[in-house]
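Reading through the structure tokens given below for one structure.
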Protein chains: 2
Amino acid sequence: MVTVNKNYLKLQGSYLFSTIAKKVAAYQEANPETKIIRLGIGDVTQPLAPAIITSLHNAVDEMAHAETFRGYAPDLGYEFLRNAIAKNDYQDRGCQIDADEIFVSDGAKSDSGNIQEIFGLDNKVAVCDPVYPVYVDTNVMAGRTGEYNPVRGNFDDVIYMPCTEENGFLPELPEEIPDLIYLCFPNNPSGAAITKEGLQEWVDYANKTGAVIIYDAAYEAYIREENVPHTIYECEGARTCAIELRSFSKNAGFTGVRLGFTVVPKELERDGVKLHSLWARRHGTKFNGAPYIVQKAGEAVYSPEGKAQLKEQINYYMRNAQVIYEGLKNAGYSVSGGVNAPYIWLKTPDQMTSWEFFDYLLEKAHVVGTPGSGFGAHGEGFFRLTAFGTYENTKEAIERIAKM
Amino acid sequence: MVTVNKNYLKLQGSYLFSTIAKKVAAYQEANPETKIIRLGIGDVTQPLAPAIITSLHNAVDEMAHAETFRGYAPDLGYEFLRNAIAKNDYQDRGCQIDADEIFVSDGAKSDSGNIQEIFGLDNKVAVCDPVYPVYVDTNVMAGRTGEYNPVRGNFDDVIYMPCTEENGFLPELPEEIPDLIYLCFPNNPSGAAITKEGLQEWVDYANKTGAVIIYDAAYEAYIREENVPHTIYECEGARTCAIELRSFSKNAGFTGVRLGFTVVPKELERDGVKLHSLWARRHGTKFNGAPYIVQKAGEAVYSPEGKAQLKEQINYYMRNAQVIYEGLKNAGYSVSGGVNAPYIWLKTPDQMTSWEFFDYLLEKAHVVGTPGSGFGAHGEGFFRLTAFGTYENTKEAIERIAKM
């Protein structure tokens, strides 16, 4: 008799952003005249940069002629893109990462969900709390997390590393030694950034304990301050303990274009096996490459014109971040993030729960944010706003919030 | 201490098509002057149809302006595409499939690899032998197949259903009752097609035993004969036992564009759980939608112009199939397939093994095909040629083979 994967039944409610979407849709239906401003989900609003549009059109034209038509892509991505990534994101920063250590994918969400597959089911996972839900949910689905604990509001066999006001929203090295450590810096949801020294401690810890760090650097393009590492491979020894996940969604507005990549250094070995060969096998067996036209769009991100245009785009969003950060601060809110990240993390006023504040904000200011509790137990009492709206909407949203 | 997923270590050699690619590359390097004709991997060669190119350009232009820019797609696919699929592929054929039973993805390879995740690890899997390797390999990776048996050349805990000359390359209902049954018709690799009555037997069997059929209909556009079902939902009762996988790779040349979909009827329940809700959860958690521009390309497949242009494209490939089929038959080969499918399945001459014939063909005719044994033990002694080349190359390849 067919059985289903019972681990799925341990998942709590539906995926955070689907829940928000449903709530907002219901509110809009009940209040059709109201102009709702969405600063919730981390979706971008600026159009693709001109250099990327040109590259996409050219690639589409290539697909129209037999001589230049492209079928199945190389399993791990086209060399033109892998070379551009290796040079610009790594070698130019002094990090020794080769093109064949880069695996091009359809985005960091897929990669961050799939990467756990190459590990045994007996590994203990450590995550920040609050955390991007995909890391935990995909480990729940695989059966690595134990049962859901309704009292604690999380899973029995996961090591949660609290990120709180007290520790500046930066996790501390866990006492119980984990096998897999998910880290994301600049952080989603808190917007916190880690210094190079801070990250070096994690690399040293992983190398000492034999743990593997899965490092999500999706927001690196927003880093403004010196001494904040853009990649974990800036840290000495990271090649023997870290996998890095990267996205084109936030640095180039590819949320609807879908492109990302994962770096697995060839030295990274556990249990007598090179993780590079396992991930290559997974990629080759379960994935058939990102679309050619999308990989050409990715290449344009690294062209001189692309770089200049995207720098402007990121400055645009970071001006929003500043508007939110300062506007809320002036209105008396306790805020963090927003300096090296497009996320602003605020403490809910008057001891409201995160969802109470969500409803309050939607009702009073018609602004949508993301409840911190949706990211984990230690996110309770916090709330995330994103800088990805338009400048005009962002300004209006903050004015409305200030007047509440 | 970190452990790896040891099931990966049970996988034999590297992925079939990577092995072929390496062999061909080595031969070409040693014989740089030789014109190799590739009729091996199932990759298309005709450019995208004009209607699809126009739709892609338009969608790219939409991405260039804030008013029409699209970020994250709806989890399960855009409604415009799901509606077009439901109407054209199902409702117009009299099959009751609703748009919200369709899950748009980046291709049938991903879906056929990922679908097993929603089932328990204790399910027994049945596959045709020979078979598309992804079905088996992804179950190996999950740990559902037992150990590799070097004597039999396959896995201990899988039910292999031999598809041989004697049974016309159509599997028989297995004596040992499986939980998950993978079927692909028109078949890859053999090109065999099943009649509606034949498929109805499988649907009845699954409904009687409680098994679930995972039905891969990637090649349905090549069906020429009456009474060959285009979808499993033409069979009565399929809504309570079958999941269908579909691809745009072969009907519209999207191998490098990446688009596919999976149908999970809402009635399909096992172990007290709706499979629709499990797959929706998987899709929402580990995938972030196919690119907007690609989904617009998919929509164009169903436009009147798109349909007319793609019909021509498929006729082009099917003329190749005929050239191969008849050319080989006239040259004295024993051949099947090629009538409702773009694949021709031939018996190797002189008791050669499949890989011996691969080397022989590469050496003597400079033609690349796919060794039948790469698809399973019962593929030994057979060889697959595809109709996806250009007409000129296909003709030349068959002339060369006839002269060997």
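With springs connecting C-alpha atoms under 10 Å apart, model chain A as a Gaussian network and identify which of A:Gly253, A:Gly272, A:Gly306 has the largest mean-square fluctuation.
Highest fluctuation among the options: A:Gly272.
The range A:24-91: which trypsin sites (Lys or Arg not before Pro) are DSSP loop and have at most 11 other beta-carbon atoms within 10 angstrom?
On the way: sites: A:Lys35, A:Arg38, A:Arg70, A:Arg82, A:Lys87; in loops: A:Lys35, A:Arg70.
Those satisfying the criteria are A:Lys35.
So for the protein assembly as shown, what are the equivalent ellipsoid semi-axes in whole Å, largest first, each being the square root of 5 times an eigenvalue of the Cα gyration tensor?
Numbers: eigenvalues 409, 151, 149 Å².
So the three semi-axes of the protein assembly as shown are 45, 27, 27 Å.
Determine the shielding of peptide B:58-69 by partner chains: average, over its residues, the number of Cβ atoms on other chains within 10 angstrom of each Cβ.
Mean shielding count: 5.
Amide H to amide H, which residues 5 or more places from A:Cys184 or on other chains are under 5 Å from it, using H placed in the peptide plane?
A:Asp216
So how many Å³ per residue does the convex hull of the Cα atoms of the range B:37-108 work out to?
155 Å³
List the GluC sites (Glu not before Pro) within the range A:61-155 that fall in a DSSP loop (any state other than H, G, I, E or B) and whose Cβ has at most 13 other Cβ atoms within 10 Å.
Hits after loop and neighbour filter: A:Glu67, A:Glu147.
Return the calculated 222 nm mean residue ellipticity for chain B, to the nearest 500 deg cm²/dmol, obtained by summing -39500 (n - 2.57) across DSSP H runs with n ≥ 4 and dividing by the residue count.
Result for chain B, helices only: -11000 deg cm²/dmol.
Could you give, in nm with one decimal, how far B:Ala402 is from each other copy of that position, shortest first, with labels 7 Å out from Cα toward Cβ?
Here B:Ala402 shows inter-copy label distances of 8.3 nm.
Once amide H atoms are placed 1.01 Å from N in the peptide plane, what residues at a sequence separation of 5 or more from B:Lys124, or on another chain, have their amide H within under 5 Å of its amide H?
The answer is B:Asp179, B:Leu180.
Work out the length of the dipole vector of the protein assembly as shown about its Cα centre, built from +1 on the beta-carbon of each Lys and Arg and -1 on the beta-carbon of each Asp and Glu, and round it to the nearest 20 debye.
In debye, rounded to 20, the protein assembly as shown gives about 900.
Among B:Ile115, B:Gln96, B:Val257, whose Cα projects farthest towards the positive end of the dipole of the range B:54-303, with charges put on the beta-carbon of Lys, Arg (+1) and Asp, Glu (-1)?
Among B:Ile115, B:Gln96, B:Val257, the one farthest towards the positive end of the dipole of the range B:54-303 is B:Val257.
Roughly what would the spin-label model give for B:Lys196 and A:Arg400, points 7 Å off Cα along C-beta, in nm?
5.5 nm
Report, for the protein assembly as shown, the % of DSSP beta bridges that are antiparallel, rounded to 5.
Values: 46 of 82 bridges.
Beta bridges within the protein assembly as shown, antiparallel portion: roughly 55 percent.
Using amide H atoms built in the peptide plane, which far-off residues or other-chain residues are under 5 Å from A:Ser334 H to H?
The answer is A:Lys347.
Calculate the FRET efficiency for B:Asn88 and A:Asn227 from the Cβ-Cβ distance with a Förster distance of 60 Å, rounded to the nearest 0.05.
Values: r = 57 Å, r/R0 = 0.95.
So, using R0 = 60 Å, E works out to roughly 0.60.
Suppose each label sits 7 Å from its Cα in the direction of the beta carbon; what would the B:Leu173-A:Glu67 distance come out to in nanometres?
5.7 nm
Is the range A:54-302 best put as rounded, prolate or oblate by its Cα gyration tensor, with a ≥ b ≥ c the root eigenvalues, rounded for a/c under 1.5, and otherwise prolate when a/b is larger than b/c, oblate when not?
It is prolate, given that a/c is not under 1.5 and a/b is the larger ratio.
Cβ under 14 Å from A:Thr164's Cβ, A:Thr164 left aside: what net charge do those residues give with Lys, Arg +1 and Asp, Glu -1? It would help to have the intermediate numbers written out before the result.
Numbers: positive: A:Lys347; negative: A:Asp129, A:Glu165, A:Glu166, A:Glu172, A:Glu380.
With Lys, Arg at +1 and Asp, Glu at -1, the net is -4.
Among DSSP bridges having both ends in the range B:54-303, what percentage is antiparallel? Round to the nearest 5.
DSSP beta bridges in the range B:54-303 are roughly 45 percent antiparallel.
In the range A:261-284, whose amide N lies under 18 Å from the spot 7 Å out along Cα-to-Cβ of B:Ala25? List them in ranges.
A:266, A:276-284
If Lys and Arg each add +1 and Asp and Glu each add -1, what is the summed charge of the other residues whose beta carbon sits under 11 Å from the beta carbon of B:Asn288?
Values: positive: A:Lys109, A:Arg258, B:Lys286; negative: A:Asp43, A:Asp106, A:Asp111, B:Asp75, B:Asp106.
With Lys, Arg at +1 and Asp, Glu at -1, the neighbours total -2.
Using unit Cβ charges (K, R positive; D, E negative) and no other charged atoms, how large, in debye to the nearest 20, is the dipole of the range A:136-295 about its Cα centre?
Value, rounded to 20: 1040 debye.
Any idea which of B:Ile223, B:Val134, B:Gly379 is furthest toward the positive side of the dipole for the protein assembly as shown, if Lys and Arg beta-carbons carry +1 and Asp and Glu beta-carbons -1?
B:Ile223
Evaluate peptide B:133-144: per residue, the Cβ atoms of other protein chains within 10 Å of its Cβ; return the mean as an integer. List each step's numbers first, then the result.
On the way: counts 1, 4, 0, 0, 5, 4, 0, 1, 7, 3, 1, 0.
Partner Cβ neighbours, averaged per residue: 2.
Counting other Cβ atoms within 10 Å of each Cβ, which trypsin sites (Lys or Arg not before Pro) in the range B:214-266 have at most 15 and sit in a DSSP loop?
Working: sites: B:Arg224, B:Arg239, B:Arg246, B:Lys250, B:Arg258, B:Lys266; in loops: B:Arg224, B:Arg258, B:Lys266.
Filter output for the range B:214-266: B:Arg224, B:Lys266.
Efficiency by 1/(1 + (r/R0)^6): what FRET value for B:Gln12 and B:Lys364, r their Cβ-Cβ distance, R0 = 35 Å, to the nearest 0.05?
Details: r = 28 Å, r/R0 = 0.80.
After rounding to 0.05, the efficiency reads 0.80.
Could you tell me which of the pairs A:Lys124/A:Lys196; A:Lys364/B:Lys274; B:Lys23/B:Lys395; A:Lys266/B:Lys250; B:Lys87/B:Lys109 are separated by over 29 angstrom between their Cα atoms in the structure shown?
In this structure, A:Lys364/B:Lys274; A:Lys266/B:Lys250 lie more than 29 Å apart at Cα.
Place a +1 charge on the Cβ of each Lys and Arg in chain B and a -1 charge on the Cβ of each Asp and Glu, then give the dipole magnitude about the Cα centre in debye, rounded to the nearest 20.
Here the size comes out at about 800 debye.
Along Cα-to-Cβ, 7 Å out, sits the label point; list in nm, shortest first, how far the one on B:Asp156 is from those in the other copies.
Copy-to-copy label distances at B:Asp156, shortest first: 3.0 nm.
Any idea which of B:His276, B:Gly210, B:Pro162 is furthest toward the positive side of the dipole for the range B:54-303, if Lys and Arg beta-carbons carry +1 and Asp and Glu beta-carbons -1?
Positive-end residue among those listed: B:His276.
The numbers here are math on the coordinates, done by the rules we state, and not lab data. The structure presented is a predicted model; accordingly, all values stated were derived computationally and were not measured. Don't worry about glycine lacking a Cβ; one is built from the backbone with ideal geometry, like all the others, and counts go over all protein chains shown.
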